[in-house]
Structure formats: C-alpha cells, structure tokens
Ligand SMILES: *[C@@H]1O[C@H](CO)[C@@H](O)[C@H](O)[C@H]1NC(C)=O
C-alpha cells in the first residue's frame, strides 16, 4: 500500500511542479471573447472576473483569483484591455468586476470584498436554492454550511410566515444561507439563526410580530467583534454599551485579534461592544482617543473617560480581560487628554 501512496505522491509532486511552472507564465489564464461566448451559451455556472490586469485596482485581485481557481472548477477571467468590445458588450464599466453567471441564464454581481475567503462562500450560497428544504436529520449538518445559517421550522399552514421568510431569504441570500423544515413537536413555528464564527445561536418564536424576523437577523449577524465600517459606525453612537476599540493598520492582525478576543467579547457582551478599526480608513479616530498606532482602548459610555491598554504589554485574551476588570474596579487611570486640557483635569 505504501508503494502506491509513494507513486501517487511522486506524480502529485510532478503535477504540482508543472502547475507552478505554467502559472508563472500566465497568471490570470485569460480566455478570449469567443471562448467566453461559447461558455455563456452552455449555460453552466461561471464565475467571471473582468479585469484590466495592468491597472492598480485589478492587480490585488490576482492572488485571490488564483485561490478561487483552485476551489472552483468554473472560473473565467477576461483581459478587458485586450478585448474591450467584449467587456463593453457585457456592460462592464469600472474594472475589476466579478460576476456569477448562473445555469438558468441569470447573472448576479458580486459586491462584497474582493477576497477569495468572501467570494467562495458567496458562490456556494448562490448555487444553493434560495431556501433549502431540510429533513429533520439534515439540520445539524446544514447549520454548519455557512457562517450564518437561518433555519425556519414552520407548519405548512403558516402560509403568511413562510412567504415572509422566503422574501427575507431572497433579499439576503447573497450573504447568508437559509433553510426550512417542519417543526419537530406540536410547537408553534420558530426560526433559528446560527452564527458559526461566534458559535452563538438565536431563536425566535413570536414570528407574528412585525419585524421579528429582521430583528433576529440583525441580532444574529452582528459579530461579537465588529469591524468598524461606514455602514455600521452609527451603531456605535446609538448602542448602550461601552466600546472597546482595537486599532491596527493590518487586516491579518485585526483578524488575529478578533479570533483571540472573541471569548472575552462574549463574556462581556452585555456591557461592552468590541470593535476593530482600520487606522488607514479612520486616521483621525485613534488620535482623538489618545492612541498612536496599534493598540487597544476602552471608552466609558457614561462619562466618556478613555482607558488605554498599557502600550508594550502583550495582548492576550487573559490580559484584555484583566484590563477590563481593572478598569471596572477603578484601578486604571483614564487618559487625561493632555492636549485638550479641560474636563479630565478638573476631576483630579
Ligand atoms: C492584457 O491585454 C493587453 C492589451 O492587449 C496586453 O498588453 C497585456 O499584456 C495583457 N495582460 C496580460 C496580463 O495578459
């Protein structure tokens, strides 16, 4: 047996070497206009990247595209600099553009971040039915197929509820995965929403209430550690929790922090709102809070006082937790905001 494995291993290595060699000569592996038209005519699912490969906006997509190509059998890239007429015909304007052409002839634009880790799950969602019908025993497996999975347990008689659920699923299918099944007991209908990255589950039963389903989605899809974006920044002004900000200019670093701090965020979720902030996107925010470069601070919602996690000390879940406890026990001095003078000094 080990001999066969050895041979396969050797062939695998040879194949890999061949792939690496060809990849360096033609990175994008573009198809031409005719091939594109032919593949469209076949009406098979096809993920297409329209790019201007020498353009600065398109270049960062290449490494992500290579990752996608390994995962998905049906990708195609078009060099719109070389075949502009074909791209114009497809009504592509500002490049790069990513689209999924579906087996039924319809087309969906991809609007999320241009990263393989976000595009691949989007494709999987779009090739699923809008709502997957599930047998009882399939539920636990299905609950893991995506980051956010929403399963309705509804009676056939609940026509209005079912219809509303379908509407919501249609609207959000590009971001979340939806399923439907029959209730297990004689209970009334419920909807269960699972957030896998945060390992949390939310259930709603009073579905007749207006806006109940939307409320459930909002609650379930809000991550324990939120990346601050133009879309959600309002939440930080309206929510009655003290924010804990982590500033960093590096996405991988912010992700590592998110994974590390998640259990702490969960433990304090009633009082604190954990967020990560991209320094490059919000250059003025860190100085306002007295922060320079990477680092963590907590702002007291009630009196506005700002507490800095000691610069230079190692950031770990335990250290963050100790810091929060110390702040709550009044053992950490707030930032005095020396530059502004003012209120904090008066309180001393
Ligand atoms: C894309 O097309 C342009 C115009 O034909 C060509 O100059 C360029 O080398 C092509 N890029 C790649 C990466 O193939």
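None of the figures in this text is laboratory data; all of them are computed from the coordinates on show. Not measured: the values here are computed from a predicted model. For neighbour counting, all protein chains shown are included, and Cβ atoms are generated from backbone atoms with ideal geometry for every residue, glycine included.
Evaluate 2.2 N^0.38 Å with N set to the residue count of the stretch 83-175, then give the Cα radius of gyration divided by it.
Details: Rg = 16.7 Å, N = 93, 2.2 N^0.38 = 12.3 Å.
Computed over Cα atoms of the stretch 83-175, the ratio equals 1.36.
Run the numbers on the stretch 225-328 and let me know its relative contact order in percent, using alpha-carbon pairs under 8 Å that are six or more apart.
Details: 133 pairs, mean separation 33.8, N = 104.
It rounds to 32 percent for the stretch 225-328.
Among 316, 328, which comes first, then next, by fewest other beta-carbon atoms within 10 Å?
On the way: 316 12, 328 16.
Ranked by crowding around the Cβ, least crowded first: 316, 328.
How big is the stretch 25-125 along each principal axis, measuring the range of its Cα positions in Å and listing the largest first?
32, 29, 26
Taking only Cα atoms, what is the 0 to 90° angle, nearest 10, from helix 251-267's long axis to the longest principal axis of the chain?
In the chain, helix 251-267 runs at an angle near 60 degrees to the longest axis.
Helix-only estimate, please: 222 nm mean residue ellipticity of the chain, summing -39500 (n - 2.57) across DSSP H runs of length 4 or more and dividing by its residues, to the nearest 500. Walk me through the intermediate numbers first.
Working: 13 runs with 135 residues, N = 348.
For the chain, the value works out to -11500 deg cm²/dmol.
Distances over 18 Å make up what percent of all Cα-Cα pairs in the stretch 150-198? List each step's numbers first, then the result.
Working: 343 of 1176 pairs.
The proportion of pairs with Cα distances above 18 Å equals 29 percent.
Expressed as cubic angstrom per residue, what is the convex hull volume of the alpha carbon set of the chain? Walk me through the intermediate numbers first.
Working: hull volume 79.9 nm³, N = 348.
Cα convex hull per residue, to the nearest whole number: 230 Å³.
With axes computed from alpha carbons, what is the tilt in degrees of helix 33-42 against the longest principal axis of the chain, rounded to the nearest 10 within 0 to 90?
90 degrees
Percent relative contact order of the chain, based on C-alpha pairs within less than 8 angstrom and at least six residues apart?
It rounds to 10 percent for the chain.
So what's the convex hull volume per residue for the Cα atoms of the stretch 225-328, in Å³? Please report the intermediate quantities before stating the final value.
Details: hull volume 10.1 nm³, N = 104.
In the stretch 225-328, the Cα convex hull volume per residue is 97 Å³.
What angle, in degrees between 0 and 90 and rounded to the nearest 10, separates the Cα long axis of helix 159-172 from the longest principal axis of the Cα atoms of the chain?
90 degrees
Suppose a student asked you for the relative contact order of the stretch 25-125, using Cα pairs under 8 Å spaced at least 6 residues apart; what percent would you report? Intermediate results must be reported in sequence, preceding the final value.
On the way: 137 pairs, mean separation 35.7, N = 101.
Relative contact order of the stretch 25-125: 35 percent.
Any number yet on Rg/Rh for the stretch 106-230, C-alpha, Kirkwood?
Details: Rg = 14.6 Å, Rh = 15.2 Å.
Looking at the stretch 106-230, the ratio lands at 0.96.
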